[in-house]
Amino acid sequence: MSINRRRALNILLVLSLGANLLVFGGMAARYFDTPNGRPIPPNLSWVLRNLDEDTQTRLRPVLEEFGNEIRPMRFALFQAQRAVNDLLTKEPLNREDIGLAFDALRTAGIQYQDRSHEQTLEIFAQLSPEQRVSAMRYIQERSRSPRENRNDDRQPQQAH
């Protein structure tokens, strides 16, 4: 093996090791940064954002349980989407297979959405009216369109 090739191989090995350590470090930081070492499931994590610490502590185990329940549904949804994507780029284009894949995607999406809505209702049933309003602030802020924000800025204040 020539010296240049050996040197290039060593550099590649060091870069690969560095990338692996970076990824592992990020995973470890996320693991140790969250309570009980597990992140809150993404489908309902927004509920806790504006709630007091006691309520967050009380609901965290429920949300983790919900996450464990819905995770396979999320995975099935992503797999169904991947199947559609693969078929849409495959030659020759097979409309029948794509139609079936879209049906599977739709079914997976409906199952995920139904259970996610049920879980949201179960969580909100455990909150006071004030806590429900507080939890919804995050969604209301995120659901405003940029156009609404611009219109709000340009609306003249009415004198009373």
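The values are calculated or read from the model by the stated rules, or taken from the named source; none is laboratory data. Being a predicted model, the structure only gives us computed values, none of them experimental. Accessible surface areas use protein heavy atoms only, side chains included; no ligands, DNA or RNA. Shrake-Rupley method; radii C 1.70, N 1.55, O 1.52, S 1.80 Å.
What number of residues in segment 113-160 are modelled with pLDDT under 85, open to solvent by 80 Å² or more (accessible area, probe 1.4 Å) and more than 30 Å from Leu77 (Cα to Cα)?
12
Which residue out of Phe78, Phe102, Phe32 is open to solvent by 70 Å² or more (accessible area, probe 1.4 Å), at pLDDT below 85 and of a type in the set (Phe, Trp, Tyr)? Break it down stepwise before answering.
Working: Phe78 fails: at pLDDT below 85; Phe102 fails: at pLDDT below 85.
Selected residue: Phe32, the only one of Phe78, Phe102, Phe32 that is open to solvent by 70 Å² or more (accessible area, probe 1.4 Å), at pLDDT below 85 and of a type in the set (Phe, Trp, Tyr).
Tell me whether segment 81-93 contains one or more residues that are among the hydroxyl-bearing types (Ser, Thr, Tyr), open to solvent by less than 20 Å² (accessible area, probe 1.4 Å) and either at pLDDT below 95 or not in a helix (DSSP H, G or I) (or both). Give the derivation first.
Taking segment 81-93 and keeping what is among the hydroxyl-bearing types (Ser, Thr, Tyr), we get 89.
Still in the list and also open to solvent by less than 20 Å² (accessible area, probe 1.4 Å): none.
No, segment 81-93 contains no residue that is among the hydroxyl-bearing types (Ser, Thr, Tyr), open to solvent by less than 20 Å² (accessible area, probe 1.4 Å) and either at pLDDT below 95 or not in a helix (DSSP H, G or I) (or both).
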